[in-house]
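Data block below; observations after.
The values are calculated or read from the model by the stated rules, or taken from the named source; none is laboratory data. Computed from a predicted structure; not experimentally measured. Side chains included, ligands, DNA and RNA excluded: accessible areas come from the protein's heavy atoms. Shrake-Rupley method; radii C 1.70, N 1.55, O 1.52, S 1.80 Å.
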Amino acid sequence: MVYLTYQHYISIDPEIRFGRPCLTGTRIAVADVLGWLGGGQSVEEIIEDFPELSREQIQACLLYAADRERHLRIAG
(Lines give C-alpha, C1' and ligand atoms only; values in the text may rest on other atoms or scores of the structure.)
Protein backbone atom coordinates (compact mmCIF):
# COMPACT_ATOMS: atom_id res chain seq x y z
CA MET A 1 0.00 0.00 0.00
CA VAL A 2 1.27 3.47 -0.89
CA TYR A 3 0.64 6.11 1.72
CA LEU A 4 -0.44 9.57 0.64
CA THR A 5 1.37 12.61 1.99
CA TYR A 6 -0.39 15.94 1.86
CA GLN A 7 2.79 17.89 1.13
CA HIS A 8 2.54 16.90 -2.55
CA TYR A 9 -0.94 18.39 -2.84
CA ILE A 10 -1.05 21.43 -0.56
CA SER A 11 0.96 24.62 -0.79
CA ILE A 12 1.02 28.02 0.84
CA ASP A 13 1.68 31.07 -1.32
CA PRO A 14 1.23 34.57 0.13
CA GLU A 15 -0.02 35.69 -3.30
CA ILE A 16 -2.87 33.14 -3.37
CA ARG A 17 -5.86 33.43 -1.02
CA PHE A 18 -3.85 35.59 1.39
CA GLY A 19 -1.45 32.74 2.17
CA ARG A 20 -4.09 30.25 3.24
CA PRO A 21 -3.18 26.60 2.55
CA CYS A 22 -4.56 25.70 -0.89
CA LEU A 23 -4.54 22.73 -3.18
CA THR A 24 -1.49 23.22 -5.36
CA GLY A 25 -2.30 24.68 -8.75
CA THR A 26 -5.73 25.90 -7.65
CA ARG A 27 -7.23 28.70 -5.61
CA ILE A 28 -9.25 26.19 -3.58
CA ALA A 29 -8.37 26.45 0.11
CA VAL A 30 -8.04 23.44 2.37
CA ALA A 31 -10.59 25.09 4.67
CA ASP A 32 -13.10 25.20 1.80
CA VAL A 33 -12.79 21.46 1.18
CA LEU A 34 -13.03 20.69 4.90
CA GLY A 35 -16.10 22.89 5.16
CA TRP A 36 -17.78 21.09 2.29
CA LEU A 37 -17.04 17.70 3.82
CA GLY A 38 -18.17 18.89 7.25
CA GLY A 39 -21.33 20.27 5.71
CA GLY A 40 -22.24 16.83 4.44
CA GLN A 41 -21.00 16.85 0.86
CA SER A 42 -19.51 13.58 -0.30
CA VAL A 43 -16.18 13.32 -2.09
CA GLU A 44 -18.11 12.48 -5.25
CA GLU A 45 -20.27 15.62 -4.93
CA ILE A 46 -17.21 17.82 -4.44
CA ILE A 47 -15.54 16.32 -7.51
CA GLU A 48 -18.76 16.80 -9.47
CA ASP A 49 -18.77 20.50 -8.51
CA PHE A 50 -15.00 20.87 -9.01
CA PRO A 51 -13.90 18.31 -11.63
CA GLU A 52 -10.34 19.63 -11.48
CA LEU A 53 -10.02 18.03 -8.03
CA SER A 54 -9.09 14.43 -7.35
CA ARG A 55 -9.86 12.06 -4.50
CA GLU A 56 -6.19 12.27 -3.49
CA GLN A 57 -6.38 16.05 -3.17
CA ILE A 58 -9.46 15.81 -0.97
CA GLN A 59 -7.82 13.13 1.15
CA ALA A 60 -4.74 15.37 1.43
CA CYS A 61 -6.95 18.07 2.96
CA LEU A 62 -8.08 15.62 5.64
CA LEU A 63 -4.49 14.55 6.33
CA TYR A 64 -3.42 18.19 6.58
CA ALA A 65 -6.17 18.90 9.11
CA ALA A 66 -5.24 15.81 11.13
CA ASP A 67 -1.59 16.85 11.18
CA ARG A 68 -2.49 20.37 12.31
CA GLU A 69 -4.67 18.93 15.07
CA ARG A 70 -1.82 16.71 16.30
CA HIS A 71 0.42 19.76 16.63
CA LEU A 72 -2.16 22.05 18.22
CA ARG A 73 -1.18 23.39 21.64
CA ILE A 74 -3.54 25.17 23.99
CA ALA A 75 -1.96 28.11 25.80
CA GLY A 76 -3.01 28.31 29.37
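Averaged per residue, what accessible surface does the chain expose to a 1.4 Å probe, in Å²? Working shown, then result.
Working: 5480 Å² over 76 residues.
The answer is 72 Å² per residue.
For region 1-55, the calculated P(r), taken from all Cα-Cα distances in 10 Å bins from zero up to the bin holding the longest distance, is 22, 50, 26, 1 percent.
Along region 49-61 the Karplus relation, 6.51 cos²θ - 1.76 cosθ + 1.60 evaluated at θ = phi - 60°, assigns HN-Hα couplings of 6, 10, x, 6, 8, 10, 4, 4, 5, 5, 4, 4, 4 Hz to successive residues, with x for each Gly and Pro. One chain, two ends: ASP67 and HIS8. Fully extended at 0.36 nm per residue, the span grows by 19.8 nm beyond their Cα-Cα distance.
Determine the equivalent ellipsoid of region 37-76 by diagonalising the alpha-carbon gyration tensor, then write out the semi-axes as square roots of 5 times the eigenvalues, largest first, rounded to whole Å. Show your work: numbers first, answer last.
Working: eigenvalues 145, 25, 8 Å².
Semi-axes (√(5λ), whole Å): 27, 11, 6.
Each Cα pair under 8 Å and six or more residues apart adds its sequence gap; the mean of these over the residue count of the chain is a relative contact order of 30 percent.
Calculate what fraction, in whole %, of the accessible area of the chain sits on carbon and sulfur atoms when a 1.4 Å probe is rolled over the protein chains.
Working: 3060 of 5480 Å².
Its accessible area is 56 percent carbon and sulfur atoms.
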